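Written out below as structure tokens is the structure these notes cover.
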Amino acid sequence: MTTSSPPTTASRANMKAATVAAAAVLSLALSSAPACAFAPSPQIAIRQSLDTTLNSDPTVRPVSSQLRMNIPAPTIEGGATPDELKSFADSASPPASFFELQRASVRAAEMAIDDGHRLLEVEFPPLPANVLEMDDVSAYDVAKANVNLALDFAKSFANTDRVDGVAIMLPDESEKQIMLEDLTLEEKVYPGVTLTSLRRGVEGDTRVFKPEDLLVGLMGRGSGGTVRAVEGADMYVIVVASAQELPDVEELYELTKAEEGKKSPVIVFYNLKLDVLRGDLGAPAFPGKDFQDRFLSRVKPVYYLRTRQYSRSVSAPPFIVNFQGCIFRSYPGHYQTLLDTGTGRYRKVVGNDVRPALGEFKEQLTDALREEGVIASKEEEGGLFGFLRTGYKTTTWWEDEREDASLEWRT
């Protein structure tokens, strides 16, 4: 008769692990639902149930899409009301990733197009802040990042109910050719998406250097008839254009403007930093200031994320306070003044239906720091000292009320 030795600690652990594994396998085999890495939130479950209901009824057209994000769930009766959409957009936060940013900017542009706007601005940092601050990051690196982001943006609109064809427009043919070679792309980048240029020569003109383009560019007065529309394009995404090349965009707008009662193509000013370009207007060889009143003031910012950094001296240690914030807007929401809390998050300071001037934006951030006791109050600081800090004029010329300018760029 043989006697079995008592199981060791290792063998007992192995038996327990085998039992747990067998139970897990049995549980999965008996379950009718697929295994998920996480449990969906109640909002996701409600949305899935709604999509199932809509898809099961052929008479109901689904009003949701994969690109719509962070908006109230639509209802079978007709969807969220405009007031609900605006209320939600008013409280939207800046995106945590470029993926979220891309989806949110597409959604904001979709809603603006549905509301009839045809001149749109999309503005955000094209690279992470720590990358933009590197010494070896060139202007061409930023331009290449903007083109890649514009390609993703365009793909979201091509061959949809709103837009058939999208043309991404670089300033001239030489820049287009350099970008195509560097990104190893063809001019037809994607079905319905073309990478081309604002100024294009006539068909069959194979000259590499064109003196007329140089002369027109130096004079800053029109394109000389070299701006051409793209056949089949319902949207133009303008990238990497300078202040001297903005009149070409106006010329494109006039060329493609539809007759009354019909829809004109959409023109998107994509990461052009229009606020910086406006500062060049009126300088020699640049468009005049009337260009802001005539055309640029009609451009609607639909997705706008602009960060600003400031420093302020104080009378107590550490004597210098560095702070930063951003102006954020996702159409149809208002403009939010957000203060960077230093923890990777922003705190909303105030919301504005009219876009604040940069001086006003800085003062809003400063008032928030006063409330927190970081800097002295106005009474403690003194009126004269505060005036010396801010000066008499706190707005730039294009931020002033101008008789012939539209308010589209501020609302």
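The values are calculated or read from the model by the stated rules, or taken from the named source; none is laboratory data. This structure is a prediction, so every number in the text was calculated from the model and none was measured. Here the Cβ is made from the backbone with ideal geometry for all residues, glycine too, and neighbour counts use every protein chain on show. In case anyone asks, the SASA skips ligands and DNA or RNA and just uses the protein heavy atoms, side chains included. Shrake-Rupley method; radii C 1.70, N 1.55, O 1.52, S 1.80 Å.
What whole-number value in Å² describes the accessible area per residue of the range 107-202 for a 1.4 Å probe?
Counting only protein heavy atoms, the per-residue value for the range 107-202 is 44 Å².
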Mind listing the phi-derived Karplus ³J(HN,Hα) values for the range 88-102, rounded to whole Hz, using 6.51, -1.76 and 1.60 with θ = phi - 60°, and x for any glycine or proline?
-> 5, 5, 4, 9, 5, 9, x, x, 8, 8, 5, 5, 5, 4, 4
For ASP164, list long-range residues whose amide hydrogen, built 1.01 Å from N in the peptide plane, is under 5 Å from its own amide hydrogen.
-> ASN159, ASP234
How do the peptides 176-183, 135-142, 339-346 rank, highest first, by the average count of neighbouring beta carbon atoms within 10 Å per residue?
-> 176-183, 339-346, 135-142
ASN130 label point, 7 Å along Cα→Cβ, cut-off 13 Å on backbone N: hits in the range 332-354?
-> 344
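Which order do peptides 96-103, 231-238 fall in by mean Cβ count within 10 Å, highest first?
Listed from highest to lowest mean packing, they are 231-238, 96-103.
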